[in-house]
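Structure record follows, encoded as structure tokens.
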Amino acid sequence: MGQLEGKVVLITGGGNGIGRAAVELFASEGAKVVVGEVQEEAGAAAAKAVVDAGGKAIFVRTDVTVPENAEAAVAAAISNFGKLDVLYNNAGRSFENDATVDGDIDVFWKTIQLNLFGTWLMSRFAIPRLIENGGGAIVNTASIAGLVGLRKIDAYSASKGGIIALTRSLALQYAEHRIRVNAVAPTKTLTPRAAKLDDERPTGGGDRNHLGHAMPIDIARGALFLASENASRITGHTLPVDSGFTST
Ligand SMILES: NC(=O)c1ccc[n+]([C@@H]2O[C@H](COP(=O)([O-])OP(=O)(O)OC[C@H]3O[C@@H](n4cnc5c(N)ncnc54)[C@H](O)[C@@H]3O)[C@@H](O)[C@H]2O)c1
């Protein structure tokens, strides 16, 4: 029996990178997956890959920063699969020119809006449905940048630190409803986009990834653990999947 047999999971940013790996991994563990993704082609392809493999998935075009979209993605889980068990807040990214003095003011706001507000907004609509369900799990996406200081990636680090704090706060608030709230904190992960960016503006730090750069499936496996009953007494925590980076 799969680790998510019979569970209904909503994964944001499920069209590419870590989210795409999670869509396929969670489905292979028995989950029915709602792919909430802003890029239509990528989101539809992720859902199709699951269906082609014999699983159940739907794509709902979702911009996690738009309240109506966030609400509709949660509603699609209920209307298509009857309930919601797990929200995996994966959508997020860093932007160029993200430094306090030399960077762009717009970059600060769009980073906070996507990473922190998007996570908060999806949770706002998912939590009432998880309560109706008698419990469930939220897995948020932090970063090593929320756990240690990195240079010239200030708004991103602040957004991910905020997600870690939000994770703890929601965990305490909703434990009585049997909702667990945790986060994964990936190190540099070789998604196609991250690999390209690394070529264009190397961030260094490779020597702190003692087990090497992570691959999307490594982060998805950490998220699967937190989403599953294997983590039934774990809440409020941030799990670094970091090749030893934050232990350096
Ligand atoms: N790749 C890394 O090195 C790394 C390291 C630490 C943390 N993370 C975090 O992991 C998560 C996934 O990153 P990734 O590297 O797989 O990124 P990615 O860019 O490969 O995939 C992110 C997906 O999110 C989608 N997305 C972007 N904005 C969205 C929005 N407003 N609404 C819905 N979907 C949206 C994109 O279309 C894309 O499909 C992010 O939260 C990121 O901050 C990544």
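The values are calculated or read from the model by the stated rules, or taken from the named source; none is laboratory data. As the structure is a prediction and not an experimental result, all values here were calculated from the model. Virtual Cβ from ideal backbone geometry, glycine too; neighbours counted across all protein chains shown. SASA here: full protein model, heavy atoms, side chains in, ligands and nucleic acids out. Shrake-Rupley method; radii C 1.70, N 1.55, O 1.52, S 1.80 Å.
Observations
- Taking M215, M122 and ordering them by how much accessible surface each has at a 1.4 Å probe, largest first, produces M215, M122.
- Projected label distance in nm at I112 and E96, using a 7 Å step from Cα toward the beta-carbon: 2.4 nm
- Greater than 32 Å apart at Cα, pairs in K7/K152; K48/K188; K48/K152; K110/K188; K83/K188: K7/K152; K48/K152; K83/K188
- Percentage relative contact order, segment 1-97, counting C-alpha pairs under 8 Å, at least six apart: 32 percent
- Mean separation of Cα contacts under 8 Å (6+ apart) over length of the chain, as relative contact order %: 19 percent
- Amide H within-cut-off set for R180, under 5 Å, with H built and near neighbours excluded: G136, A137, I138
- For segment 8-235, the solvent-accessible area works out to 46 Å² per residue, with a probe of 1.4 Å and every protein chain left in place.
- Most fluctuating residue given options G134, G118, G43, as computed from a GNM of the chain linking Cα atoms under 10 Å: G134
- Sequence-ordered 3J(HN,Hα) estimates for segment 143-150 from the Karplus curve with 6.51, -1.76 and 1.60 and θ = phi - 60° stand at 5, 4, 5, x, 10, 10, x, 10 Hz, glycine and proline given as x.
- Estimated vicinal HN-Hα couplings, Hz - segment 9-23 in sequence order (Karplus 6.51, -1.76, 1.60; Gly, Pro = x): 10, 9, 10, 7, x, x, x, 9, x, 5, x, 5, 4, 5, 4
- Candidates K160, K152, K32, ranked by Gaussian network fluctuation over the chain, Cα under 10 Å, top entry: K152
- When nucleic acids and ligands are ignored and a 1.4 Å probe is applied, E24 ends up with an accessible area of around 80 Å².
- Largest GNM mean-square fluctuation among D218, D85, D207, using the chain with Cα springs under 10 Å: D207.
- Relative to the longest principal axis of the Cα atoms of the chain, the long axis of helix 67-81 makes an angle of roughly 40 degrees.
- Cβ-based net charge around G135, under 15 Å, with every Lys or Arg adding one and every Asp or Glu removing one: +2
- Angle between the chain longest axis and helix 40-52 axis [Cα atoms, degrees, rounded to 10]: 50 degrees
- For the chain, the normalised intensity computed at q = 0.07 Å⁻¹ comes to -0.20 (log10 of I(q)/I(0), Debye sum over alpha carbons, equal scatterers, no solvent).
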